[in-house]
Amino acid sequence: MIKRQTTINRIFKITGIGLHTGQPVNLEFLPRREFGIAFVINGQMIPARYDMVADTRLSTLIAKEGASVSTIEHLMAAFYFSGVTNCLVYIDGPEVPIMDGSAWEFYQGMWKAGVYEFPENGVYLKVLRPVEVTREDAFLRVKPLNTLEITMSIEFRAPVGKQKKRVTDVENAFAIINSRTFGFIEELEAIRQAGLAKGATLDNAVAIGEDSIVNPHGLRYKKELVNHKILDLIGDLYTSGYRLLGKVEANKTGHYLNNLLLKEIFSDPANYAIY
Ligand SMILES: [Zn+2]
């Protein structure tokens, strides 16, 4: 468990393909003295923060003064798992690359670079009273707890069905980090016709067919899909700017509710403490 602000120990670069654009994107990670994670695109700095989130339909997109970066959630989860609180990410395209569909390669890059610790603390966001957001039958709630615990439930058509997973030691839940994004074959065609998912392949997503997983090697974990929803949630919650402490219960949540929960928490200073 980290206690203080940290940054990466050296500069490193990662290149990959944007899931929706299909175009190569270069990321350069720079150590940062100031608190927080921020992206820099075309000279415009955008804090990777919940109040910069401008679109949550396909991924979490942050925007400021005409510039935007989409699909930040897996990278944010990698920062969470690496314990990095301060970093600048220079990006030369509008979308964080999809890599293998998980946070694994970002996490590897940060792990190799190493972590440098500053004397300042103020990295935790402790929830002091229950906060809940809902939409139709989806909900996301958090109650006070001294660690981060997540229980996630999902429900999709067969062969996925209902899945539930509880993670008590989130900081060390390594099966979450390399669980991949997923999609349904029938949805892919519609998304492609909208000019999106141009970079989607079986190398960067789990494809769910009529009655089975299409990928030749199948799943990495029996609960890979619910794991990935937890990964998305961790990445989205880290746009609070802090490491959340609380007991989180999520049912069919997505980027929209994840962002709404943070807005709700921060709407009343009696809801939280930072230390
Ligand atoms: Zn995801």
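The values are calculated or read from the model by the stated rules, or taken from the named source; none is laboratory data. Predicted, not measured: the structure shown is a model, and the values here were computed from it. Glycine gets a Cβ as well: all are built from the backbone with ideal geometry, and neighbour counts include every protein chain shown. We work out accessible area using only protein heavy atoms, side chains counted, and drop any ligands, DNA or RNA first. Shrake-Rupley method; radii C 1.70, N 1.55, O 1.52, S 1.80 Å.
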Unique match (being of a type in the set (Asp, Glu), more than 15 Å from the ligand (Cβ to nearest atom) and on the phi < 0 side of the Ramachandran plot) among Glu105, Glu120: Glu120
Leu261 vs. criteria more than 16 Å from the ligand (Cβ to nearest atom) and assigned to a strand (DSSP E or B): no
Hits in region 213-237 - residues which are out of contact with any strand residue (DSSP E or B) (no Cβ under 7 Å at 6 or more places or on another chain), open to solvent by 10 Å² or more (accessible area, probe 1.4 Å) and within 16 Å of the ligand (Cβ to nearest atom): Arg220, Tyr221, Asp232
Residues (of a type in the set (Val, Ile, Thr) and under 23 Å from Thr56 (Cα atoms)) located in region 250-275: Thr253, Ile265
Residue count for region 25-83, restricted to those that are away from the ligand (no atom under 16 Å from the Cβ), open to solvent by 10 Å² or more (accessible area, probe 1.4 Å) and in a loop (DSSP other than H, G, I, E, B): 9
Strands (runs of 3 or more DSSP E) contained in region 94-211 and holding at least 1 residues without any contact (Cβ under 8 Å) to a residue 24 or more places away in the chain, over 19 Å from Leu261 (Cα atoms) and open to solvent by less than 50 Å² (accessible area, probe 1.4 Å): 161-167
